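S.K.: Below you will find the structure I want to go over with you.
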Ligand SMILES: Cc1cc2nc3c(=O)[nH]c(=O)nc-3n(C[C@@H](O)[C@@H](O)[C@H](O)COP(=O)(O)OP(=O)(O)OC[C@H]3O[C@@H](n4cnc5c(N)ncnc54)[C@H](O)[C@@H]3O)c2cc1C
Ligand code: SF4
Ligand code: SF4
Ligand code: FES
C-alpha cells in the first residue's frame, strides 16, 4: 500500500475502523486486524468463498458482493457470509439423462421460481441466473449450462431466492450433463486414447526415458514448432 | 482508469500496434526466440532464483546440506505447532483407510480413485472444499490430442521446459496418460472447448511445439475442479469430508510408516487426530510464502504445509531451490496486484511491449525466461512503467487479440480476464494491461516415484506438492494435467497399499526428535510451522494484539 493514502471509515460488526481508500473488503478486514479463517479462498474472484453483504452510507439497500473484489466506500457497513447451507442431491451421473426429467426429480424446487429476478440482480459474476433457471424449467439443459458457465458458487443467489432454490447446484448438474452428453465427441481424442492404449508410443517413450540428456537436448532443440 | 502519464505511454503502444499487427498476421515469428546461451544469460542475471540470498543451506532433516529457497528453509527449520504429549493416540477421533489432505483437483481425483479401488476415504482440507489453486487455473490443460501432435513431442517439451532436470519416469506417465485424463474429465462432464466439428479447440502455450492447450473458456481450472468436486460430493458413502481443518502434523507408527495426522480446526480451535493406513498429501504449493517479497497468484492457503509435515516425517524434497514466477501478474490497478493474467492472452496474440511500445521478447518463451526478460526490461534497461504505488511493469498489448481474431474474441475466450479488469474500470479489449512477474508455482516438492510413493512408507503425494515431474520449471497446462494423472495414480496405489497395510502403535516421537534438532541449531521458540495462514495484519495493529506471547501467524 503506498504511503499517505486517504482513509475511509468502514463498519465491521458494527464498529468503525479507518482503512485505506481503495481497499477491497478483504483488505479492509485485514487492515483492521481481523484474521480471516473462513470466508476467504482464492482472493482473485474464482472460488466464491467470500460472499459478503453490505450497506452503503445513506442507502437502505442491502447489497452483496465478493469481498476480494469489492472496493470499500466511506461509511460502508460490512458482514461476511462464510457459508450458505444448501441442498445437494446425490446422483450417479451415468444414470441421469440430460433432460427436464433430471431436474424434476433432483431439483423440484426449480419449478417454484416466481421470476422475481433477485438472483440475477445479486450475482457478482453478472450471470443471468433467472434465465438459466428458466432454461432448466424448459428442459433446455445446454442453454442453462452455457448461461451458468461463469458461476463460482458463492451462494448469494440461493441466499436471497424467495423460492428457496439452489440455483448453483442445479447449474453444475446442467453443465456436467452438457459436457458429458450434449457436446459433440472429439474423434481425435477417441483415436489418440485408443492409440496409446494399444501401445503405439510405448517404444519411443521408453527410448526417451532411457536416453541421456544430450540426446534429449538435441531432439528438443531440433523439433519443429507449429503455432497454428 | 489509467492516469494521464500512463496514457501517454499507451499512446506509444497504440502507435506501434499496426506494425506489430502486420507482423503477427504475416505468420512469421514476431520476435526471435532466444538461443540456449541467451536464455542462460537472462536467467543468470535476472531470475529471482539466482539472486545471492535466494537460497540457503537447510541444516536439519532429510535434505540437510541442500540449498533450498530461503523462505522454505525458514519453514523447515522451525518447531512444531503441537506438543506431542498432549495427544491420546490410542483413541483417534477418526479412522480411515486413506486420508487425503487437501481438496484441490489433485485431492479430488485421488479421493475418487481411492474410493473406486475399495478404500474408505477421509478428505480433510484447510479452506472450504475446492477453494484452491486448482479452481483458479484459467489457461488450460495440456494433452497431445491433435493428429499432428503426439506424446513424444509432449515429452520433449516437458523436458525442455524443465531444463532437462525432470524425472523421466514421471514425465512418461504424464504425457502417456494425458489424453486419457482429458477423456476421463469429459466423461465426468467437463465442458471442454470444442470446434464446430467436435474436435478439441487447442491453443499454443509457452514452450510447447504444438497447440496442445485444452481449455474451458478461461475457467479451465474451475470447470475441472468443480466437476470432480461434485463427483466427490456424490459419494458420501465412501468419501467423508472435513473442511477448515488443516493437517498440522503427520502421525507415524512404531515401524516408521505414516499412520495418520493431527488436524487443527480453524474455527473451534480444537485439535483432532486421524488414524489412517495410507496418506495422500495434496496440499498444493507455497505462493503465500511471498518468496523474495513477490506478490502471488496463489490462494490464501498456499503456505507449504504439506511439505513441512512430510519433511518432519522424513520425506525427501526435490528441487526446492526453484520457484516459478509467472511473467504476467497484474500490477495495476492496485486492488489486483499480483493477480494472474493468463498465458492464454499471449497464446491468443497479446504481445509484451515496453513503455515505448517496443517488442523486446518472444511472447511464448518458457515462463522463467519470459519473466526474466520482463525483469531485465524493467531494471537494467529501465524501460518499464511505474505505477503510483511504486511498482513497475511492462504492457501486455491485449487489444491485439481482437484485431487478430475479430471483435468479441476476448469476451468469448477470456471472460474471467475481461470481468476481472472491468471490475476496476479497465477495458482490456481497448487498453493494454500493465504486468510484472508474480510468484506462481512451486516447481519442486516432495520426491515421488511414478506410483506417487515417497521414501516414507504409506506416504503418497500428488499435485503441486510433488516434485520431479516438471523439473525446475513447469510449462503452462502441465500442472492441471499432473493433478489428474498423478492424483488418480495416488488414489489407486494408496488404496492398494491400504489393503495390505498393518498399522502398528501410533506415535509422534518424530516430532519430539525434530524439535530437538531445531533447538540444537539455536532457533527461537517463536518460529513454528506449518504456517497454515499468511499474516496480513499491519504492524501497528499487531502491536495492540500482543498478549504475553505471540507465536507464528495464527493467533
Ligand atoms: C491463478 C492460477 C492460475 C493457474 N493456471 C494454470 C493453468 O492454466 N494451467 C495449469 O496447468 N496450471 C495452472 N496453475 C497451476 C495450478 O494448476 C496448480 O497450482 C494446481 O492447481 C495445484 O493443485 P493441487 O491440487 O496440487 O493444489 P491446490 O489446488 O492448491 O489445492 C490444495 C488444497 O490443499 C488444501 N490445504 C493446504 N494446506 C493444507 C493442510 N495443511 N491441511 C489440509 N488441507 C490443506 C487447500 O485448502 C486446498 O484445498 C495455476 C495456478 C494459479 C494459482
Ligand atoms: S449464479 Fe449464484 S452462486 Fe453462481 S456466482 Fe452467481 S450468485 Fe454466485
Ligand atoms: S430469485 Fe429465485 S424465484 Fe426469483 S427469479 Fe431467481 S430463482 Fe426465480
Ligand atoms: S476469495 Fe475466492 S472469490 Fe473471493
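No lab work stands behind these numbers, since they all come straight from the coordinates. None of these values were measured; they are calculated from a predicted model. Note that we place each Cβ from the backbone using ideal geometry, even for glycine, and neighbour counts take in every protein chain shown.
S.K.: I need B:193, A:222, A:146 ordered by Cβ neighbour count within 10 Å, fewest first.
M.R.: Working: B:193 20, A:222 8, A:146 15.
Lowest count first: A:222, A:146, B:193.
S.K.: If each of residue A:215 and residue B:35 carries a label point 7 Å out from its Cα toward its Cβ, how far apart are those two points in nm?
M.R.: Distance between label points: 2.7 nm.
S.K.: Using r as the Cβ-Cβ distance of residue B:28 and residue B:93, and R0 as 56 Å, what FRET efficiency do you calculate, to the nearest 0.05?
M.R.: E between residue B:28 and residue B:93, to the nearest 0.05, is 0.30.
S.K.: Once the Cα atoms of segment B:133-212 are picked out, what are the Rg and Dmax in Å?
M.R.: Looking at segment B:133-212, its Cα Rg and Dmax stand at 13.0, 40 Å.
S.K.: Further question: How big is the equivalent ellipsoid of the protein assembly as shown along its three axes, where each semi-axis is √(5λ) from the Cα gyration tensor, reported in whole Å from largest to smallest?
M.R.: On the way: eigenvalues 236, 209, 187 Å².
Square roots of five times the eigenvalues give 34, 32, 31 Å.
S.K.: Order of A:208-216, B:469-477 by packing, highest average Cβ count within 10 Å first?
M.R.: B:469-477, A:208-216
S.K.: Ok, one more. Which three numbers, in whole Å and largest first, are the semi-axes of the equivalent ellipsoid of segment B:347-486 derived from its Cα gyration tensor as √(5λ)? Mind showing how you got there, number by number?
M.R.: On the way: eigenvalues 237, 75, 36 Å².
The equivalent ellipsoid of segment B:347-486 has semi-axes of 34, 19, 13 Å.
S.K.: What nm value, rounded to one decimal, do you get for the distance between residue B:512 and residue B:430 when each label is placed 7 Å out toward the C-beta?
M.R.: 6.9 nm
S.K.: Which whole number in µm²/s is D for segment A:51-190 by Stokes-Einstein, with the Kirkwood Rh taken over Cα pairs at 4 °C and 1.567 mPa s?
M.R.: Calculated translational D: 80 µm²/s.
S.K.: To continue, here is another question. Please state, rounded to one decimal and in Å, the Kirkwood hydrodynamic radius that segment B:408-555 gives when every pair of distinct Cα atoms enters the mean of 1/r.
M.R.: One over the average 1/r among Cα pairs gives 20.6 Å for segment B:408-555.
S.K.: Kindly provide the helix-only [θ] at 222 nm of chain A, computed as the sum of -39,500 (n - 2.57) over DSSP H runs of four or more divided by all residues, to the nearest 500 deg cm²/dmol? All intermediate terms of the calculation are to be shown ahead of the outcome.
M.R.: Details: 10 runs with 82 residues, N = 228.
Computed mean residue ellipticity for chain A: -10000 deg cm²/dmol.
S.K.: Compute the distribution of all C-alpha to C-alpha distances in segment B:372-425, in bins of 10 Å from 0, and list the percent of pairs in each, rounded to whole numbers.
M.R.: Per 10 Å bin, starting at zero, the Cα-Cα P(r) for segment B:372-425 comes out as 20, 36, 33, 11 percent.
S.K.: Moving to a separate point now. I'd like the mean, over residues of B:145-151, of how many other protein chain beta carbons sit within 10 Å of each residue's own Cβ.
M.R.: Taking all residues of B:145-151 together, the mean is 5.
S.K.: Same structure again: For residue A:181, project a label point 7 Å along Cα to C-beta. Then give me every residue of segment A:61-104 with its amide nitrogen under 18 Å of that point.
M.R.: Backbone N within reach: A:89-104.
S.K.: Mean projection of the alpha-carbon convex hull of segment B:61-123 over all orientations, in nm²?
M.R.: In nm², the orientation-averaged hull projection of segment B:61-123 is 6.9.
S.K.: So what's the back-of-envelope 222 nm ellipticity for chain B, counting only DSSP H runs of four-plus at -39500 (n - 2.57) apiece and dividing by all residues, rounded to 500? Show your work: numbers first, answer last.
M.R.: Numbers: 17 runs with 182 residues, N = 555.
Computed ellipticity for chain B at 222 nm equals -10000 deg cm²/dmol.
S.K.: Let me check I have the definition right: for segment A:1-70, take the eigenvalues of the Cα gyration tensor, multiply each by 5, take square roots. What are those semi-axes in whole Å, largest first? Walk me through the numbers on the way to the answer.
M.R.: Details: eigenvalues 69, 55, 27 Å².
Each semi-axis is √(5λ); the values are 19, 17, 12 Å.
S.K.: State the extension gain, in nm to one decimal, for the chain segment bounded by residue B:196 and residue B:526, taking 0.36 nm per residue of separation less the distance between their alpha-carbons.
M.R.: Here the segment from residue B:196 to residue B:526 would lengthen by 112.8 nm.
S.K.: Still on this model: Dimensions of segment A:111-197 along principal axes (Cα, Å, largest first)?
M.R.: Per principal axis, max minus min of the Cα coordinates gives 53, 24, 17 Å.
S.K.: Report, to the nearest 10°, how far helix B:478-500 tilts away from the longest principal axis of the Cα atoms in chain B, using its own Cα long axis and a range of 0 to 90°.
M.R.: 20 degrees
S.K.: Follow-up question, since we're still on this one. How do B:32-39, B:370-377 rank on mean C-beta neighbours within 10 Å, highest first?
M.R.: Result, highest mean Cβ count within 10 Å first: B:370-377, B:32-39.
S.K.: What angle, in degrees between 0 and 90 and rounded to the nearest 10, separates the Cα long axis of helix B:509-520 from the longest principal axis of the Cα atoms of chain B?
M.R.: The helix B:509-520 is inclined about 70 degrees to chain B.
S.K.: Another question, then. Suppose R0 equals 41 Å; then what is the FRET efficiency for residue A:203 and residue A:97 from their Cβ-Cβ distance, rounded to the nearest 0.05?
M.R.: With R0 = 41 Å, the Cβ-Cβ based efficiency is 0.45.
S.K.: Let me ask something else. What's the ranking of B:322-330, B:335-343 by average number of surrounding C-beta atoms within 10 Å, highest first?
M.R.: Working: B:322-330: 28.0, B:335-343: 23.9.
Top to bottom by mean Cβ count within 10 Å: B:322-330, B:335-343.
S.K.: Another question, then. How big is the Kirkwood radius of segment B:224-349, worked out from every pair of different alpha carbons and given in Å to one decimal?
M.R.: Details: mean 1/r = 0.0569 Å⁻¹.
It works out to 17.6 Å.
S.K.: Quick one: order A:114, B:331, B:232, A:84 by neighbouring beta-carbon count within 10 Å, fewest to most.
M.R.: By the 10 Å Cβ count, ascending, the order reads A:114, A:84, B:232, B:331.
S.K.: Give me B:251, A:93, B:511 ranked fewest to most by other Cβ atoms within 10 Å of their Cβ, as a rough exposure proxy.
M.R.: A:93, B:511, B:251
S.K.: Moving on to the next point. At 7 Å along the Cα-to-beta-carbon direction for both residue A:163 and residue A:74, put a label point, then send me their distance in nm to one decimal.
M.R.: Reported label-point gap for residue A:163 and residue A:74 is 4.3 nm.
S.K.: From the P(r) of chain B, can you give the percent of Cα pairs sitting at distances over 42 Å?
M.R.: 19 percent
S.K.: What number, in percent, do you get for the relative contact order of chain A if the mean sequence gap of Cα pairs under 8 Å and at least 6 apart is divided by its residue count? It would help to have the intermediate numbers written out before the result.
M.R.: Working: 323 pairs, mean separation 35.3, N = 228.
Once divided by the residue count of chain A, the mean separation gives 16 percent.
S.K.: Per-residue Cβ counts within 10 Å, from other chains only, averaged over B:94-106: what number is that?
M.R.: Mean partner-chain Cβ count within 10 Å for B:94-106: 0.
S.K.: Which distance in Å, rounded to a whole number, links the C-alpha centroids of segment B:165-243 and segment A:137-157?
M.R.: 21 Å
S.K.: Now for a different question. Give me the distance between the Cα centres of segment B:62-104 and segment A:30-67, rounded to whole Å.
M.R.: Cα centres, segment B:62-104 to segment A:30-67: 32 Å.
S.K.: Enter the mean number of other protein chain beta carbons within 10 Å of the beta carbon of each residue in A:201-210, as an integer.
M.R.: For this peptide, the per-residue mean of nearby foreign Cβ atoms is 5.
S.K.: Hey, what angle do you get for helix B:4-26 against the long axis of chain B, alpha-carbon based, 0 to 90 degrees rounded to 10?
M.R.: Tilt of helix B:4-26: around 80 degrees.
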